[in-house]
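Written below as structure tokens is the structure these notes are about.
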Amino acid sequence: MKEFFEFFSPYYVFLVPMFVGFIVQLTKFINYCMKHGWDFRYAMTHGHMPSAHTGFAISLVTSVGYYSGINSGAFAIAVAFAIIIIDDAARLRMYMGDQGRYLNMLVEQLKLEEKFPRLKERMGHRVSEVIVGGIYGFLLTMAVIKILEALYL
């Protein structure tokens, strides 16, 4: 068993965030299904609590910082990557949702519902969903790292 963990240890810096991102997305799926009923199509839904994009990005920053050090170039790149992802999750996709809402209103007022499908109006995250996703991603990352260290030793 120790050989298994030794073999994958150089890749923990990426495997840990992949695992954490999956867990955050699974949490969002379960949370969403509890509110709206079971439907497998919700597995990759956009928006809602917690932000899986933010959870993954913060997990990557945490993992790179832990394994490579916060003074490394890889850490600086991970931080820049996280800023772009979090900005996209919170702000840019929220604008897309606003545009969808306005287009849906326009289609409704012009009575063109048969010609144009209803657009999704909720694409981005609220600030609270981004914050919870970041905290959840950080805590899960640290827990997984500590579990891997305990199994490796």
- Item | Residue pairs meeting the criteria (Cβ under 7 Å; at least 6 apart or on separate chains; first closer than 16 Å to A57 by Cα, in the stretch 135-147; second among the polar types (S, T, N, Q) and part of a helix (DSSP H, G or I)) | G137/T54; G137/S59; F138/T62; L140/S59; T141/S59; T141/T62; T141/S63; M142/T62
- Message: For the condition more than 16 Å from T141 (Cα to Cα) and part of a helix (DSSP H, G or I), what is the one hit in V20, V61, V107?
- Response: V107
- Item | H48 being outside any helix (DSSP H, G or I), under 17 Å from I131 (Cβ atoms) and of a type outside the set (S, T, N, Q) | yes
- Message: Looking at (1) surrounded by fewer than 19 Cβ atoms within 10 Å (Cβ to Cβ); (2) at pLDDT 85 or above, which one does A57 not meet, given that it meets all the others?
- Response: (1)
- Note on the structure: Log entry, pairs with first residue in the stretch 75-103 being hydroxyl-bearing (S, T, Y), second being surrounded by 14 or more Cβ atoms within 10 Å (Cβ to Cβ) and modelled with pLDDT under 95, beta carbons closer than 9 Å, six or more apart or on different chains, reads Y95/M123; Y95/G124
- Please enumerate the residues belonging to the stretch 96-111 that are modelled with pLDDT under 85 and of a type in the set (A, V, I, L, M). M96
- Query: Do the conditions hold for I23, that is, is it touching a residue at least 60 places away in the same chain (Cβ under 8 Å), out of contact with any Ser or Thr (no Cβ under 9 Å at 6 or more places or on another chain) and among the aliphatic types (A, V, I, L, M)?
  - Reply: yes
- Does L151 satisfy the criteria of being over 20 Å from the mean Cα position of the chain (by Cα), surrounded by fewer than 16 Cβ atoms within 10 Å (Cβ to Cβ), of a type outside the set (D, E, K, R) and closer than 30 Å to K2 by Cβ? yes
- Query: Condition test on Y42, is it surrounded by 12 or more Cβ atoms within 10 Å (Cβ to Cβ) and modelled with pLDDT of 85 or more?
  - Reply: no
- Sole miss for I131 among (1) in a loop (DSSP other than H, G, I, E, B); (2) within 15 Å of H48 (Cα to Cα) is condition (1)
- Collect the residues in the stretch 5-26 that are out of contact with any helix residue (DSSP H, G or I) (no Cβ under 7 Å at 6 or more places or on another chain) and within 19 Å of V132 (Cα to Cα), keeping them in residue-number order. M18, F22, L26
- From the option list E114, E121, single residue qualifying as over 20 Å from F14 (Cα atoms), of a type in the set (D, E) and in contact with a Gly (Cβ under 8 Å, 6 or more places away or on another chain) is E121
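The values are calculated or read from the model by the stated rules, or taken from the named source; none is laboratory data. Predicted, not measured: the structure shown is a model, and the values here were computed from it. All Cβ positions, even for glycine, are placed from backbone atoms using ideal geometry, and neighbour counts span all protein chains on display.
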